[in-house]
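The values are calculated or read from the model by the stated rules, or taken from the named source; none is laboratory data. Here the structure is a predicted model, which means the values were calculated and not measured. Here the Cβ positions follow ideal geometry from the backbone for every residue, glycine too, while neighbour counts run over all protein chains shown.
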Amino acid sequence: MQDVTVSVSISDLSAGQYSDTITFTITTNTGSNSAQLSIALTVQRQITSTQTQSQTVQATGSGQTKATNATGTLTFTNYDLVAHIYSKDTTYVISKSGVKVAIDEDANVPRCCDQYNPDNSVSVSAHAVNSGAAGNIAPGDVDTCVSPPDPDGCTVTVKNDAAFTGGQDAQTYTFVQQSDIDGASTSLKNSTQQSAIDDIHQQLQPNEHLVGDPQCSSNVSSDHKAGDRVSQVTVTVTTTCKATAST
């Protein structure tokens with residue numbers, strides 16, 4: 001017995017039923033014999049549909065930043081013949097606008113004023129005691145005495161030559177929660193999948209039907225991630241469905 005292999009190319013066939021008959025003739029020294037082989041083919045095709053939809057939703061997270069203290073520099077000037085030391089733990093001054101200011105380091109103010117001590121001033125870092133934007137005082141808002149005045153005036157003065165900066169009030173903000181993205185994506189997955197399946201049915205020829213259910217997969221993206229401080233987030237879902245059509 002001899003095996004016979006029959007190859008049929010279906011790459012150029014559209015979906016449908018195909019049949020044909022192949023006749024084999026075998027010739028030997030005793031004569032010829034014929035046999036017929038009937039072939040029936042069912043050709044199927046793949047249908048694909050990709051649908052993309054986007055939705056913008058409000059971010060629902062809420063948080064609050066902490067208030068910060070304004071910082072700057074105070075300059076102490078000594079008109080006394082002895083040096084003065086002002087401790088960072090106990091030295092406070094009140095500005096003209098009513099802001100209480102504390103120094104961050106001890107102020108060692110040299111005595112005044114001769115050829116051996118030409119510099120009778122020292123500058124130290126300082127901060128507004130109370131946090132908030134009110135601590136951003138203007139240049140010269142601190143300009144006062146820090147020791148009891150003598151008959152001729154202040155012994156030691158303190159002044160801010162530059163503005164204090166960095167003071168901020170507490171602020172509320174909105175941020176994206178993962179549930180914002182998930183809620184929008186769930187709705188979009190359902191919508192895009194239904195649209196893709198409807199499109200697949202519209203691609204069927206009059207004599208075709210689907211073999212089984214369409215298989216779908218979705219990809220989710222968003223223009224902001226969870227935790228981003230924004231008021232809105234746009235979620236985009238792309239769904240691709242594939243199905244097999246046959247007659």
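Condition check for S191 on (1) part of a helix (DSSP H, G or I); (2) in contact with a Phe, Trp or Tyr (Cβ under 9 Å, 6 or more places away or on another chain): one failure, at (2).
Of the residues making up the stretch 97-106, at least one is among the β-branched types (V, I, T) and assigned to a loop (DSSP other than H, G, I, E, B).
Table: residues versus (1) under 32 Å from the mean Cα position of the chain (by Cα); (2) under 30 Å from S95 (Cβ atoms); (3) surrounded by 18 or more Cβ atoms within 10 Å (Cβ to Cβ).
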residue	(1), (2), (3)
K159	no, yes, yes
V176	yes, no, yes
S187	yes, no, no
S195	yes, no, no
C241	yes, no, yes
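Selection of the stretch 109-132 for residues being loosely packed, with under 13 Cβ neighbours inside 10 Å and assigned to a strand (DSSP E or B) yields D114, S125. Against the condition more than 25 Å from the chain's Cα centre (by Cα), surrounded by 13 or more Cβ atoms within 10 Å (Cβ to Cβ) and without any contact (Cβ under 8 Å) to a residue 60 or more places away in the chain, how does Q203 come out, does it pass? Judged against the criteria, Q203 is not a match. The single residue among V43, V6 that is surrounded by fewer than 10 Cβ atoms within 10 Å (Cβ to Cβ), of a type outside the set (F, W, Y) and modelled with pLDDT under 70 turns out to be V6. When the stretch 208-218 is filtered for residues that are part of a strand (DSSP E or B) and exposed (fewer than 13 other Cβ atoms within 10 Å of the Cβ), the ones remaining, listed by number, are H209, Q215, S217. Within the stretch 194-207, the residues that satisfy the criterion of being under 15 Å from Q53 (Cα atoms) and either in contact with a strand residue (DSSP E or B) (Cβ under 8 Å, 6 or more places away or on another chain) or not in a helix (DSSP H, G or I) (or both) are S195, A196, I197, D199.
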